[in-house]
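Structure record follows, encoded as structure tokens.
The values are calculated or read from the model by the stated rules, or taken from the named source; none is laboratory data. Because the structure is predicted, anything quoted here is derived from the model rather than measured. Using ideal geometry, Cβ is built from the backbone for each residue, glycine included, and neighbour counts are taken over all protein chains shown. Protein only, heavy atoms only, side chains kept; ligands, DNA and RNA dropped before computing areas. Shrake-Rupley method; radii C 1.70, N 1.55, O 1.52, S 1.80 Å.
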Amino acid sequence: MPRYFLGRTIALVLTAFAASLVVFVAMAVLPGDPAAIILGTGARPDTLAALRAEMGLDQPVVWRYLDWIGGFLVGDLGTSYTYSVPVADLVAQRAAVSLPLAVLALVLSTLIAIPVGVYAASRRGRAGDLATMGVAQVGVAVPNFWLGLMLVVLFSLTLGWLPASGFPGWEAGLLAGLEALVLPAFALALPQAAILARVTRSSVIETLGEDFIRTARAKGLSGEAALWRHAVPNALIPVVTIMGLQFSFLLAGTIIIENVFTLPGLGRLVFQAIAQRDLVTVQSLVTLLAVSVIVVNFVVDLAYAALDPRLSRGGAR
Amino acid sequence: MSGAVQKPRGRLVPAASPSLVVGLVVTAIFVGMALVSLVWTPWEPTALNILNKLEPPSLAHPLGTDFFGRDVLSQIMAGAQVSIVVAVVAVLVGAGIGVPLGALAAARGGLVDDVVMRSTDLAFAFPALLTAVIITALAGPGAVNAIVAIGIFNIPVFARLTRGAALGLWKRDFVLAARCAGKSDLAITVEHVLPNCTAVLVVQATIQFALAIVAEAGLSYVGLGVQPPQPSWGKMLFDAQTYIYSAPWLAVFPGLAITIAVLGLNLLGDGLRDALDPKVRRAR
């Protein structure tokens, strides 16, 4: 296990650095001088040069990367060109919307998917299985932003239960904040739940065919007890991996969903920053998102290895 | 070429599963709709008729009209063209680059394999849709940039899949025989390895096609896909949102079109997988 852990950690650090390099290079080769964009077309050359110097744009590109990544490592994500505030502050503000949204969606999707998947597996081939998996098949196909719109039509416009869009801020109270996030969270969660339910079902079915289940049944356990005590815990191992992958989907999903519900989250920040060519913000934000995906996958890998020791003993890869 | 393509064991012509049939029919309708729209739509998709704006579904306009009085059914039919073209080309770009990369990694192994595999790891660190949004936003909206942005994320998918399938094949006897016959790695890859990967690749392509349709709709929805007046499903959804209080049906039909198209392709993919891989069929 320690060797496996070390190997994975080195891979994590290298991948994260490579990701930051990719983002930096992509931003550096973009046409357009950020200083010229800020000052507009009528800027005097000396003002432009002064601003370029202030922004560090006159430095060699390698130095600019080191300067940026050095700051990044200690939590200094640079200063937004347009807002003139630290990018870290902007991100923290917006993450207070996006992160709870993504977590809520992940929790909802898990709470829905696992019972549904286990139920379908336990009724394999019967009406209950066919019905739930039929619904799941459709659920996988529904685009989350359209589902969001349909939820708005049903729960906001027709029933009037929940707000259609906007976010009052957490200052308005936990309940008001959560109310604004319920519909977007369901819009994100339901299609993911459909995928997760299908994975859970096939994993449980596979586990039910294992010898230890036959042993459990042979020693007199009821089908129900063998299912919940032996099959489900073992079947959930691959499900955890899919949940890790879903984190990446949810992060990307928030960018569109936040547009549907006009939520002031990271997705909206990305759009604003791009529209205003606020490249430092884009660069730091994208790197941060990529690093969080890498870290989540790392944690999933470790959880996987902890749950299934065969993996870590098989050698680090 | 007498490539050693392995016939599926068991029945030569597998029984068509319900998902294969339904998937084929839905996909055929979806493609057929796009083809028909090239020559005929009930109304001119982009014809404005302000007097008839925001009409609910009727006999004349089965799915109603939008804010400019354009016929929604005609727009959905024409919108299928964009979905198909963008998705097909994006998947072809992804497979066109990813399959050779994966095949190369499997054939060469060692350092080449490591570089290809670590690069795909890196690509998976970037949430696909988010990055597609950023690429199109920075490079400018439009069909070509949308294709590139979606296609890029198909490369690692096909590279990994091809490598995985090819690695297994390189250990097989018929490849060893070809080697003994003095064939080059390239010839073995083209004649023996890739033909035996076709089944998994075709199945994956249908799934990626479905994902690309959703991605294209998402990009159009945020204004980064094809530009007006060319109708697209995502853009229709965006426009519908403005009138969601007065004309909620406008938001229903384009989303339904996306869902049905994706559902059809997913069923087709599932059906093909079951039909092409007897092992999976038994496990289900």
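Numbers for the structure displayed
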item: Residue, farthest from the other protein chains (Cβ to nearest Cβ), within region A:125-164, restricted to residues that are surrounded by fewer than 16 Cβ atoms within 10 Å (Cβ to Cβ) and in a loop (DSSP other than H, G, I, E, B); result: A:Trp161
item: Of residues in region B:259-282 being touching a Ser or Thr at 6+ places or on another chain (Cβ under 8 Å) and facing chain A (nearest Cβ under 9 Å), the one modelled with the lowest pLDDT; result: B:Asp270
item: Hits in region B:134-146 (condition: of a type in the set (A, V, I, L, M, F, W, C), surrounded by 23 or more Cβ atoms within 10 Å (Cβ to Cβ) and more than 7 Å from chain A (Cβ to nearest Cβ)); result: B:Ala146
item: Region B:57-69, subset in contact (Cβ under 8 Å) with a residue 24 or more places away in the chain and within 19 Å of B:Lys235 (Cα to Cα), residue least open to solvent (accessible area, probe 1.4 Å); result: B:Gly64
item: B:Val88 of a type outside the set (Ser, Thr, Tyr), open to solvent by 20 Å² or more (accessible area, probe 1.4 Å) and over 29 Å from B:Val190 (Cβ atoms); result: no
item: Selection status of A:Ser202, assigned to a helix (DSSP H, G or I), open to solvent by 30 Å² or more (accessible area, probe 1.4 Å) and not charged (D, E, K, R); result: yes
item: Test: residue in region B:220-228 that is surrounded by 23 or more Cβ atoms within 10 Å (Cβ to Cβ) and not in a loop (DSSP other than H, G, I, E, B); result: yes
item: Residues of region B:229-257 that turn out to be of a type outside the set (Phe, Trp, Tyr) and open to solvent by 30 Å² or more (accessible area, probe 1.4 Å), as a count; result: 10
item: All helices (runs of 4 or more DSSP H) inside region A:1-120 with 3 or more residues being open to solvent by 80 Å² or more (accessible area, probe 1.4 Å), outside the structural domain of A:Asn259 (by TED's automatic domain parsing) and under 25 Å from A:Phe247 (Cα atoms); result: A:2-28
item: Residues of region B:121-133 satisfying the condition of being part of a helix (DSSP H, G or I) and open to solvent by 10 Å² or more (accessible area, probe 1.4 Å); result: B:Asp121, B:Leu122, B:Ala123, B:Phe124, B:Ala128, B:Leu129, B:Thr131
item: Residue satisfying all of: in region A:230-247; open to solvent by 10 Å² or more (accessible area, probe 1.4 Å) and of a type in the set (S, T, N, Q); farthest from the other protein chains (Cβ to nearest Cβ) among these; result: A:Asn234
item: Qualifying residues in region A:248-265 (those that are of a type in the set (A, V, I, L, M, F, W, C) and within 9 Å of chain B (Cβ to nearest Cβ)) - the one most open to solvent (accessible area, probe 1.4 Å); result: A:Phe249
item: Residue that is farthest from the other protein chains (Cβ to nearest Cβ), among those in region B:153-174 that are surrounded by fewer than 20 Cβ atoms within 10 Å (Cβ to Cβ) and part of a helix (DSSP H, G or I); result: B:Phe174
